[in-house]
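Down below is the structure, laid out as structure tokens.
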Amino acid sequence: VGAAQFFTNAVNTTTNGMDVVFGFTPISTDKKILRLSIAANFNKMEIDKINVADKLKGKEHVYFGLREQYFLLASAPKSKMTFNAEYTCGKVVFDARMNVYGKVELINWNGYETTDTVATPGIGGNLDVYKSKATLDLSIGYNFNNVRITFGGMNVMNAYPDPHDPSLTETGGIWDAVQMGSQGAYYYTKVGFKF
């Protein structure tokens, strides 16, 4: 057996961050409403300690390696911002949302050394750097008494994470599951009923 994977309470972490939400309604009449909002989240996670049994002392880098540390740290993105505008004009509702995802760094399989113990950029192999990306969601809805029909699209600009060598990523694809995902643009029709 060369390796094993299992669930464990392997690490202690500390996360510090800030959430900011701002909303504004510059237009509000009987037939027209414009709502604007900004939401931002900033986080910094640090690994304080790798918890091992006495028999594994000195083997922390094998028990919870540098690649796993990077994946854990990337699970809480350092930043995400959302800008939203919703405009209602009579029975028609327009909605636009821009999502801005912060940079993500993961270690790939090229030159990875199991002796590296601390998640420090540039140490222990090559970094796959996924630059900050933005997506745009748009929708238009129409209200028929108690029924609303909405046509929309998510990630309508068809943004993808930065491509990398498939032989070196965790997924074996040209990108890992980061930021906005890897599905590209998505379009939908939605019908809502109010009882």
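Coordinate-derived values only; no laboratory data. Quick caveat, the model's predicted, so the values are computed rather than measured. Here Cβ is always computed from backbone atoms with ideal geometry, including for glycine, and neighbour counts include all displayed protein chains.
What label, among (1) 16.9, 51; (2) 22.3, 71; (3) 20.7, 71, belongs to Rg and Dmax of the Cα atoms in Å computed from the structure on display?
(2)
Between N126 and Y187, 0.36 nm times their residue separation minus their Cα-Cα distance comes to what?
Fully extending the segment from N126 to Y187 adds 18.4 nm.
Show me 187-194, 65-72 ranked by packing, highest mean number of other Cβ atoms within 10 Å first.
Numbers: 187-194: 9.6, 65-72: 19.1.
Going by the mean number of other Cβ atoms within 10 Å, highest first, we get 65-72, 187-194.
Taking the chain as a Gaussian network, Cα atoms linked when under 10 Å apart, which of I27, I174, I107 shows the biggest mean-square fluctuation?
Fluctuation is largest for I27.
Express in nm, to one decimal, how much length is gained between Q5 and N43 on full extension, taking 0.36 nm for each residue of separation and deducting their alpha carbon distance.
Stretched out fully, the Q5 to N43 stretch lengthens by 10.9 nm.
Between G102, G90, G152, where does the largest GNM mean-square fluctuation fall for the chain, given springs only between Cα atoms within less than 10 Å?
It is G90.
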